[in-house]
Amino acid sequence: MSNSKILANGVDVYYGSKQALFGISMDIKEKEVTALIGPSGCGKSTFLRCINRMNDLIDICKVSGSIKVDNEEIISEKTDVVSLRSKIGMVFQKPNPFPKSIFDNVAYGPTIHGLVDSKNDLEEIVHSSLKKAGLFDEVKDRLNEPGTSLSGGQQQRLCIARAIAVNPEIILMDEPCSALDPIATAIIEELIDELRLNYTIIIVTHSMQQAARVSQKTCFFHLGELIETGETNKIFTNPDNTKTQDYITGRFG
Amino acid sequence: MFFWSLVLIAVGIFSSFIYGRSRIKLNSKKQGTKSKSLPNYYAQYVLIWCLFPALIVYFSWAIFQEQIIQNIVISKFEFIEGAVYNEGLLLAEIRNVANNPSFADGKSIEIINAASHYSSLRQISQISFYTSIIIIMLLGALYASQKLKPEFHAQHTIERYIQYILIFCSSVAIFTTIGIVFSLIFESLRFFAEVSIFEFLFSTEWYPFIPIREGQTAAEGSFGAVPIFAGTFLVMVVAMCVAAPLGLLTAIYLAEYASKRVRKTVKPLLEILAGIPTIVYGFFAFVSVAPFVKAFGQSFGIDASPTSALAAGMVMGVMIIPFISSLSDDVINSVPQSLREASLGIGANKAETIKKVILPAALPGIVGAFLLAISRAIGETMIVVVAAGTAPNLTGNPFENVTTVTVQIVVALIGDQEFDNPRTLSAFALGLVLFVITLFLNIIALQIVKRYRERYE
Amino acid sequence: MNNSVAKEKIISLRKKRSLEDMRFKYYGFTAMCLSLAVLVFLLYTIFSKGYTAFQKTIVLLEVDYNQEVLKLTPDSSVEEMEKGKFFRVKKQAIENFFPDLSKSDIKLVKKLFSINVDNEIKDYFLDNPEVINTKQQIWVTAHSDVDQLLKGNSRRDVPEDRRKLNDIQLSYVDQLVEEKRVKQVFNNFFFTKADSRHPEIAGVAGSFMGSLFTLFTVFILSFPIAIGASVYLEEFAPKNRITELIEVNISNLAAVPSIVFGLLGLGVLLNVFGLPRSTPLVGGSVLALMTLPTIIIACRASLKAVPPSIKEGALAVGATKTQAVFHHVVPLALPGTLTGTIIGLAQALGETAPLIMIGMIAFIPNIPTGLTEPSAALPVQIYLWVESAERGFQEKSAAAIMVILIFLFMMNAIAVFLRNRFERKW
Ligand SMILES: Nc1ncnc2c1ncn2[C@@H]1O[C@H](COP(=O)(O)OP(=O)(O)OP(=O)(O)O)[C@@H](O)[C@H]1O
Ligand SMILES: [Mg+2]
């Protein structure tokens, strides 16, 4: 209980009149990788986007219930969304680098948050973020080329570097490998393993193997409900719920 | 003068920016806390408080200075008993003498006095302009600098200001509409105070030449606009007779028959036709078409005038062709492919499919396009000004000279404008009619097109 | 038996139907060709009427820069030279233009020269002050009537009283042609001078500058306002009645006839705000309001085209909505907006009626140098010249049309270039 980073309690989400999440409660520990799995349309992305309030962008989306990050309520009018988002980085399903240089992509966050005082500091942050994302060696000679000129896997790592650059505590990843080939996927998975030492990570994935490989905890969603949550090992070897059993053995979904 | 004031303002905003930036850094260092927003936002805050008041001063001076000075000069002017003055000419003369002392030779003493009065007022105005700009910028910066504390969230404030600016930009459209309606109605009311609205709408005598001599009343001119409306209608009908078939057939050909390559070359060419300024069409009507129409009429024994409804209408029709063809093209293309296939599938050929299936399906959209085109034709000015004539003429004969609403607006406002004279004011009444009719046509057309779109979406 | 009749019927009907189909296609094709033919004919008319305006007729005149006549000395200062009596030199030169001219003939000969000849004689002298007390052969501008005659624009076979030049003048002109004392050269005046009452020295420089200043005003006003309005409506505006009202307003403004905008300028900008008449400032403001809907539509389309993932990316690293929009979305929408703006400016360039309303139709014989100076504009200049009775102005109007069309063409080319260069496919 002491090191719980995110604590969700009875989260309901509606898109207009359609309910997408039903009373989700979840406890996510610090410096762990939590995988969200479940069939398509079950509300994994929706839940993820609640955590950094990305759902605010969708007019018809209404969120109720409680999510506490570091014991602070974030589903409330008073939440400072901007500082919340700088504490919680997000990596999207499709890599979305800004159509600017690689350097500017990573530098954007630190610049608007005033994390640096000088050009040197900024360079320092950009380089170290790129290194952490395992991209530095590949792009160090062409930091001024547009981020969009990179390959898909590189772009995704650039987006990870962009997220790390503002020094978040939590990183949300929504199917970060779905657009990537196996080699790029392997690189990103390795990266997630390293990042775990410093960050709390929540990852949505459709690949059972991936969830098994990278995560410590796994949560299984079905039709907007959280069916089962627990140690990854346990979920994949001996789940309590038959639906979970069915899903991971590929009987539906 | 205004160049240097711009330099002054530029210096002001530059230094206010620097000042705001360094001041907030100093303050947060003193308090030992990090400021809530980046220093640049505090700097922008000071800048805004410096710039906006200065701009307000600048523009009010730019707009009102000359007016006020002239009013003062005129009010102090020693008019000689019995002499007749034209205020505009008088002012021009005074200004000339003031700007260029060598013109003073041979001018009357009153004018020379007024000129020196004018110059001194200008000097006073300039000095007070510069001082007030400097003072207002300093005041703005002073006010803003009180807020430069680390706990003040400058970014929030700036973003709120940006919202205000954006809202202002969006409301320009509303202000414009209000301005149009206000000016049209206001001046029209003045017109209808002197001319009865029934006479205007139903009488057939348009003779707006009111003698300016004293003791003669407005009643001596007559303002029956029926011939003008009739002329407008006639020209519009001619234009539509040209544009509707040509535009529609072109659209059908392009949408249904033409190869991709033809479409790709013809569409830009039609766009050229659409992009040609209307005065060019006017020239064309005047130089080529009108003489041709006249000769053509004479060869049939019809006495055509050198400017005619037919010439203006035909050229206006050409102008509208691309408008109709591109709108109809869109409409035809939005008829679902399945309808086409259904008709072709039972063995109908293309012409039958178009005539029996596509056109009926697209009819509402096409009607909408025609209504928009009619509204265009009615509001078009330069072609008719050059090629239709200026004399009102109640006739259905397109070889004759007719006049239109837009032409009469131009005619009434060219030359001396006197806003106490119904002749000038009649332009606004005609403008009001034009505005209402085109607006009405557009609303109906857009409604029809919208409903049509909904049906196939 | 019956069957075969029916078949025949169907076959003949099918033939008829396919003929009908051909005919219909042919109608469409004809309509299209007709429209394009008009375009060609229009351009041809303009070119054939206008190309002569790029040439002017000049006449060789022998001028005697006698110091007595000029009331100057070889060491006069420049200011004194400016005030030299050049009209007397010119008078003398014309009197000696042909040998043994009678008094009445001198008058006729004088009408063969442009009013500008005084200035040309003077300018020549100011450039070469050493010619004092020498005789110089200089080429000076001929009168428009001579010019038009030699260009074949006015006919000599009409009765004398319906001609600008009478028989004696015609014979003098013929003599000049024979002696090769007249020729046609490039008409630099057309590009360097403003409007004039005299066709031979009227040019488009004044109205061109006026149009430039007007367009500048249009751009300065409409571009930022359109961007502000579009950004607000596309990104920030709450979905409510007021937003809807604004949207309806914008689409209706797009359809208001331009002349009504002119009335707005006259009734509000001139009469209520008291802005200076006939100036590019007012003309530009009116046209800016007119162009606004065009630019807003273009800007909103390009804002819509920016994928939301870009904005999400910025928000996810903690940018505020304002930052995300202004740092990432707006810059990406700028090229498209600029393209729309140029197209809007091209429309504004051709607008005539609103400018007439606010007085830009006044006769302005000098080249404007600022936004608040009375000036003409190209389309209004064309109108004035089309309406002018003087023959010499007709070719001028056609030539001015060529200038405006080239201007328009270049603007559109820039717009296309921008579109191809910066358009992004997401
Ligand atoms: N913007 C939206 N508007 C309306 N409904 C939405 C929206 N986004 C998602 N939904 C609905 O919410 C439900 C959950 O969607 P969500 O995107 O969270 O699913 P998911 O588990 O991420 O699926 P996937 O694995 O395919 O990404 C779905 O039924 C979807 O139709
Ligand atoms: Mg998803």
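The values are calculated or read from the model by the stated rules, or taken from the named source; none is laboratory data. Only a predicted model underlies this, so the values are computations on that prediction, with no experimental measurement involved. Don't worry about glycine lacking a Cβ; one is built from the backbone with ideal geometry, like all the others, and counts go over all protein chains shown. These accessible areas exclude ligands, DNA and RNA; they are computed on the full protein's heavy atoms, side chains included. Shrake-Rupley method; radii C 1.70, N 1.55, O 1.52, S 1.80 Å.
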Problem set entry | DSSP loop trypsin sites (Lys or Arg not before Pro) with at most 14 other Cβ within 10 Å: longest gap in chain B | B:214-457
Exercise. In nm, what is the difference between 0.36 nm times the number of residues separating B:Ser203 and B:Ser338 and their Cα-Cα distance?
Worked result: 43.2 nm
For this session: Quick one, can you get me the convex hull of the C-alpha atoms of segment C:1-122 expressed as volume per residue in Å³?
Result: 180
For this session: With the full set of protein chains in place, find how many percent of the accessible area of chain B is carbon and sulfur; take the probe as 1.4 Å.
Result: 66
Exercise. Across 10 Å bins from the origin, how do the percents of Cα pairs in segment B:2-152 run, short distances first?
Worked result: 11, 29, 20, 16, 12, 9, 4, 1
For this session: Find the relative contact order for chain A and round it to a whole percent, using C-alpha pairs within less than 8 Å whose residues are 6+ positions apart.
Result: 27
For this session: Within segment B:348-448, list the chymotrypsin sites (Phe, Trp or Tyr not before Pro) lying in a DSSP loop whose Cβ has at most 14 other Cβ atoms in a 10 Å radius.
Result: B:Phe419
Problem set entry | Violating pairs (Cα-Cα greater than 19 angstrom) within the set C:Lys111/C:Lys193; C:Lys239/C:Lys304; B:Lys107/C:Lys122 | C:Lys111/C:Lys193; B:Lys107/C:Lys122
Problem set entry | Angle in degrees between helix B:359-379 and the longest Cα principal axis of chain B, rounded to the nearest 10 | 50
Problem set entry | Helix B:309-333 axis, angle to chain B major axis (alpha carbon atoms, nearest 10°) | 90
Problem set entry | Label point distance in nm, A:Lys29-B:Cys241, each placed 7 Å from Cα along Cα→Cβ | 9.0
Exercise. Tell me, what HN-Hα J-couplings in whole Hz come from the Karplus equation 6.51 cos²θ - 1.76 cosθ + 1.60 at θ = phi - 60° for each residue of segment B:43-52, using x for Gly and Pro?
Worked result: 4, 4, 4, 4, 4, 4, 5, 7, 6, 5
Problem set entry | Paramagnetic label zone (point 7 Å from Cα along Cα-to-C-beta, C:Ser48; backbone N under 12 Å) in segment B:282-322 | B:288-289
Exercise. Suppose R0 equals 56 Å; then what is the FRET efficiency for C:Gln175 and B:Asp303 from their Cβ-Cβ distance, rounded to the nearest 0.05?
Worked result: 0.85
For this session: Report P(r) for segment B:395-441: all Cα-Cα distances, bin width 5 Å, range 0 to the bin holding the largest distance, values in whole percent.
Result: 5, 21, 22, 17, 18, 13, 4, 0
Exercise. For the protein assembly as shown, what is one quarter of the convex hull surface built on the Cα atoms, given in nm²?
Worked result: 66.2
Exercise. At B:Ser116 and C:Asp167, where each label point lies 7 Å from the Cα along Cα→Cβ, what is the point-to-point distance in nanometres?
Worked result: 6.5
Seminar exercise, completed: Using alpha-carbon positions, the gyration tensor of segment A:118-189 gives root eigenvalues a ≥ b ≥ c; with a/c under 1.5 called rounded, otherwise prolate if a/b exceeds b/c, else oblate, the class is oblate
For this session: Have a look at segment A:54-109 and give its Rg and Dmax from the Cα atoms, expressed in angstrom.
Result: 14.3, 40
For this session: Can you tell me the 0 to 90 degree angle between the C-alpha axis of helix B:260-275 and the longest principal axis of chain B, rounded to 10?
Result: 60
Problem set entry | segment B:2-152, relative contact order [Cα under 8 Å, separation at least 6], % | 40
Seminar exercise, completed: Loop-resident chymotrypsin sites (Phe, Trp or Tyr not before Pro) in segment B:231-302 with no more than 10 other Cβ atoms inside 10 Å, DSSP not H/G/I/E/B, are B:Phe300
Problem set entry | Contact surface C-A: accessible area buried, both sides summed, square angstrom, 1.4 angstrom probe | 1600
For this session: Report the label-to-label distance for C:Lys135 and B:Ile127 in nanometres (one decimal), using points 7 Å from each Cα along the Cα→Cβ vector.
Result: 6.4
Exercise. Between B:Ile63 and B:Leu89, 0.36 nm times their residue separation minus their Cα-Cα distance comes to what?
Worked result: 7.3 nm
Problem set entry | Qualifying trypsin sites (Lys or Arg not before Pro) for segment C:142-175 [loop in DSSP, other Cβ within 10 Å: at most 16] | C:Arg155, C:Arg156, C:Lys164
Exercise. Tell me, what is the percent relative contact order of segment C:54-193, built from C-alpha pairs under 8 Å that lie six or more residues apart?
Worked result: 41
Exercise. Where does segment C:279-426 land on Rg(C-alpha)/(2.2 N^0.38 Å)?
Worked result: 1.39
For this session: Run through the DSSP bridge list for the protein assembly as shown and note the antiparallel percent, rounded to the nearest 5.
Result: 70
For this session: Identify, among C:Ala398, C:Tyr232, B:Pro227, the residue whose Cα sits farthest towards the positive end of the charge dipole of the protein assembly as shown, taking +1 on the Cβ of Lys and Arg and -1 on the Cβ of Asp and Glu, with the dipole about the Cα centre.
Result: C:Tyr232
Seminar exercise, completed: Residues whose built amide H sits under 5 Å from the amide H of C:Gln55, excluding neighbours closer than 5 in sequence, are C:Asn187
For this session: Once every Cα of chain C carries one equal point scatterer and solvent is ignored, give the base-10 log of I(q)/I(0) from the Debye formula at q = 0.06, 0.10 Å⁻¹, two decimals.
Result: -0.44, -0.88
Exercise. Just the accessible area per residue of the protein assembly as shown, please: how many Å² with a 1.4 Å probe?
Worked result: 47
For this session: In square nanometres and to one decimal, what's the mean projected area of the convex hull around the Cα atoms of chain A?
Result: 13.8
For this session: Take the alpha carbon atoms of segment C:5-35, find their center, do the same for segment B:384-457, and report the distance between the two centers in whole angstrom.
Result: 42
Exercise. For segment A:188-253, what D do you get in µm² per second when you plug the Kirkwood radius from alpha-carbon pairs into Stokes-Einstein at 10 °C and 1.306 mPa s?
Worked result: 127
Exercise. Computed from the mean reciprocal separation of all distinct C-alpha pairs, what Kirkwood hydrodynamic radius does segment A:6-149 have, in Å?
Worked result: 17.5
For this session: Compute the convex hull volume of the Cα atoms of segment C:54-193, divide it by the residue count, and report the result per residue in Å³ as a whole number.
Result: 120
For this session: For chain B, just say rounded, prolate or oblate: build the C-alpha gyration tensor, square-root its eigenvalues into a ≥ b ≥ c, call rounded for a/c under 1.5, and beyond that prolate if a/b exceeds b/c, oblate if not.
Result: oblate
Exercise. To two decimal places, what compactness ratio does segment C:2-51 give when its Cα radius of gyration is scaled by 2.2 N^0.38 Å?
Worked result: 2.20
Seminar exercise, completed: The whole-number value in µm²/s of the Stokes-Einstein translational diffusion coefficient for segment C:152-270, with Rh from the Kirkwood sum over alpha carbon pairs at 20 °C and 1.002 mPa s, is 104
Exercise. On the accessible surface of segment A:75-218, probed at 1.4 Å, how many percent belong to carbon and sulfur atoms?
Worked result: 48
Problem set entry | Volume of the Cα convex hull of segment C:190-336, divided per residue and given in Å³ | 148
For this session: Compute the semi-axes of the equivalent ellipsoid of segment A:82-136, taking the square root of 5 times each eigenvalue of the Cα gyration tensor, and list them largest first in whole Å.
Result: 18, 15, 11
For this session: Diagonalise the Cα gyration tensor of segment C:23-89 and give the resulting equivalent ellipsoid semi-axes, square root of 5 times each eigenvalue, largest first, whole Å.
Result: 63, 12, 6
